[in-house]
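Some notes on the structure that comes next.
The values are calculated or read from the model by the stated rules, or taken from the named source; none is laboratory data. If you're wondering where the values come from, they're calculated on a predicted model, not measured in any experiment. So basically every Cβ, Gly included, is an ideal-geometry build from the backbone, and we count neighbours across all protein chains shown.
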Amino acid sequence: MSCLFALSGKGGVGKTTLAGLFVRGLREIGRKPILAIDADPNSCLADMLGVRVRFTIGSARETVRDEAEAQKISKQELLRMKIAQGLVESNGFDLISMGRPEGPGCYCYANNVLKSAIKELSDQYPYVVLDNEAGLENLSRRIVQSVDVLTLVSDASNAGMNTLERLYGLAREMGVGFRKLVLLVNRTRGGELPESAARVQKNTGARNMLALPYDEEIATLAEESRPVWDVSDENPIYRKILELVRETSG
Ligand SMILES: Nc1ncnc2c1ncn2[C@@H]1O[C@H](COP(=O)(O)OP(=O)(O)O)[C@@H](O)[C@H]1O
Ligand SMILES: [Mg+2]
């Protein structure tokens, strides 16, 4: 059984950056090999981790039925092959990129096949970090059903804090199972939790709720397209994430 970290939250709150730091933190404390799953088509976890994706498996969803018939192999087998082709191997971690999201058509059937193929792949790694697109759709329908550490990320605004509660409610409603809930309030001024944090923590029952400060080094990382490996060991956000993964991955 692997330990799966899933990051969710609105677009632009820092999920991909933090997912990259989770991978770095896990690797740093020897909790590896890690599978990083990029499930956000709008940002790129691969860039954050400094690796190149040759092949995303998102498009396979639409063609797998026809291709499998033409090649006279099972759909499951074909997807397994595609995933193997798309897997990028690096030092201490591998990465798979889901590619583009669902189109207007319904690929429910292929999604189920994909889901079980991803599960099969994930089961081969003791640690998995899943960077989601905004919302919880991936968690409920597309990729995984159950996570160990559900990490909801927000900014410090009132709307952001309400979103945390809403996401928590959605996760419960959708039957997303999780062992631990972590709330990260990112890009705060001075690293302080906002006043409404206590209410959100109480209503969600989250044991961990952390304020991460606005940080110049992290901000320039994206501006200069540099990977998380370039962040200094003393970076305050990295230190907090390191502590968090140490505490929650045991
Ligand atoms: N703590 C922080 N301090 C400063 N900038 C941050 C911080 N966290 C994230 N950012 C910046 O915010 C932007 C959005 O981050 P990103 O990780 O892409 O968010 P998401 O994946 O949620 O869309 C990026 O430019 C990133 O560098
Ligand atoms: Mg992202």
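Values as computed for the structure displayed
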| item | result |
| --- | --- |
| Lone qualifier among 210, 184, 193, 221 - being more than 18 Å from the chain's Cα centre (by Cα), closer than 13 Å to residue 154 by Cα and surrounded by 17 or more Cβ atoms within 10 Å (Cβ to Cβ) | 193 |
| The range 168-185: number of residues that are of a type in the set (A, V, I, L, M) and within 24 Å of residue 243 (Cα to Cα) | 5 |
| Close pairs (9 angstrom Cβ cut-off, 6 or more residues apart or separate chains): acidic (Asp, Glu) in the range 177-205, surrounded by fewer than 19 Cβ atoms within 10 Å (Cβ to Cβ) and at pLDDT 95 or above anywhere | 192/213 |
| Flag for residue 122 being closer than 27 Å to residue 172 by Cβ, surrounded by 15 or more Cβ atoms within 10 Å (Cβ to Cβ) and modelled with pLDDT of 80 or more | yes |
| Residues of the range 25-41 that turn out to be in contact (Cβ under 8 Å) with a residue 40 or more places away in the chain and more than 13 Å from the chain's Cα centre (by Cα), as a count | 8 |
| Unmet requirement for residue 149, which otherwise passes all of (1) part of a loop (DSSP other than H, G, I, E, B); (2) buried (at least 18 other Cβ atoms within 10 Å of the Cβ) | (1) |
| Where residue 57 falls short, out of the listed (1) at pLDDT 95 or above; (2) touching a helix residue (DSSP H, G or I) at 6+ places or on another chain (Cβ under 7 Å); (3) β-branched (Val, Ile, Thr) | (1) |
| Residue check for residue 246: surrounded by fewer than 16 Cβ atoms within 10 Å (Cβ to Cβ) and farther than 23 Å from residue 27 by Cβ | no |
| Residue selected from the range 219-246 under the condition touching a helix residue (DSSP H, G or I) at 6+ places or on another chain (Cβ under 9 Å) and more than 25 Å from residue 3 (Cβ to Cβ), by the criterion farthest from ligand 1 (Cβ to nearest atom) | 232 |
| Segments classed as helices (runs of 4 or more DSSP H), wholly inside the range 1-98, with at least 1 members that are buried (at least 17 other Cβ atoms within 10 Å of the Cβ) and within 12 Å of ligand 1 (Cβ to nearest atom) | 15-28, 45-48 |
| Given (1) over 17 Å from the mean Cα position of the chain (by Cα); (2) outside any loop (DSSP other than H, G, I, E, B); (3) more than 16 Å from ligand 2 (Cβ to nearest atom), number of the condition residue 163 does not satisfy | (3) |
| Any hit, the range 217-235, residues being in contact with a Leu (Cβ under 6 Å, 6 or more places away or on another chain) and aromatic (Phe, Trp, Tyr) | no |
